[in-house]
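Structure first, commentary second.
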Amino acid sequence: MKKIVLLVMGLLFLSGFTSAYLVNIDAPDSLPVGKPLIVNGTTTFGIGTPIDVVLYYQLTTTTEIKRKIVYVQSDHTFRAVFDTTGLKTGMYKVEVPTNGAGNSVNMRVVYLFDRSDDIQLSSSTTQNFNGKIIIAGTIKGDENSGVQIEVIGPDDDVVFGPRFINTDYQSNFAIDVPITEPGDYEVSFTDARGYVGKRSITVIGQQTLGPSPTSTTLSIVSAHAKSSRDNPVYFAIKTGNGKVNIHTSSSIDWVLEYVDDKGTIKIVNEESEQYPEKAQVLGKGKTMYIKVYPLKNSVNSEVFIYAENAVSVVVSPTVPAPFAASVPQTTDTPKSPLLPLLGVVSLGTAFMIIRRKP
């Protein structure tokens, strides 16, 4: 009888010991090739305990790609970062090998995809030093939209961006980025669908003394958000001095409203879904507000706003006062000729009713 009691107590002790040590990890479901794969974890193991984190490639068989040894921190967390540069697309998994870890979640599946072929540079990847880098090319599927560009310099510091650059109707983009020294520069591209890829540009030559030349192109700032007829999006544009050119993205028939110098709301809807809506205002160093929504009630989609020769543009978290107040609206498009005709018909009907009274 004593042996049975001791056996049961032993099993309970082992069960409690096993379930006491848990390991849970988290990782993204999908990730573009070239972005770091970050694996975060929590555990009940003691502080300083080494943890193996393994990255596998899964095809017909599972192949180990990389292995990291990390250590449990004071808050019982750990983190492993895997470089995915050069990895092929496909299904991968990250795993923390454990033995008897109870209800642990020690494995995650990650799909790596590659969009780098969506970028085609027309500018050279080797350029002579003259105080700027020319970045020009096309990005697939971003006609009349924009692409976010960030440039990392030879010292791993950010020398440009991240900033949205507009694209034309053929998805072309171009920007001159001022630099102060030769070396290798890494250019990253991101659009509305996420990270696209990166390119390396090597600048050769010698640095000369004196001020670096400035770009003659007007600065373009951008912001984006989802919009529908029921939930239009409002943007706040900080203007400088001079004319500010504003346009929307294309592929959807957008309606753009803005407040002119007289406080009147102007409505612009002159283009179809193939072309962006455009407006031009005179900047006076103040903040102006615009409202954007789709013409069709069924649309709920992302809209980009580009402001040329402006300081900044952001999404307004609240309805701006000019649109909250009841301001008379005017439109740049002609009104329907049916409205005066309906008025004439109504007057005629009333006149006939009066004549028919005894």
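No value in this document is a laboratory result; all are computed from the given coordinates. Since this is a predicted model, take the numbers as computed values, not measurements. Counting neighbours? That spans all protein chains shown, and the Cβs are built from the backbone with ideal geometry, glycine included.
Using only Cα atoms, what Kirkwood radius does the stretch 116-204 have, in angstroms?
One decimal place: 13.0 Å for the Kirkwood radius.
Between I69 and D157, what FRET efficiency follows from the Cβ-Cβ distance if R0 is 30 Å, with the result rounded to 0.05? Spell out each step's value before the answer.
Numbers: r = 30 Å, r/R0 = 1.00.
Plugging the Cβ-Cβ distance into 1/(1 + (r/R0)^6) gives 0.50.
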TODO: May I ask which of K68/K132; K226/K286; K243/K296 have a Cα-Cα span longer than 32 Å here?
DONE: K68/K132
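Based only on other Cβ atoms within 10 Å, what is the fewest-to-most ordering of Y185, Y293? Intermediate results must be reported in sequence, preceding the final value.
Details: Y185 23, Y293 20.
The fewest-first ordering by Cβ neighbours comes to Y293, Y185.
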- [ ] Compute the Rg/Rh shape ratio of the stretch 220-331: radius of gyration over Kirkwood radius, all on alpha-carbon atoms.
- [x] 0.93
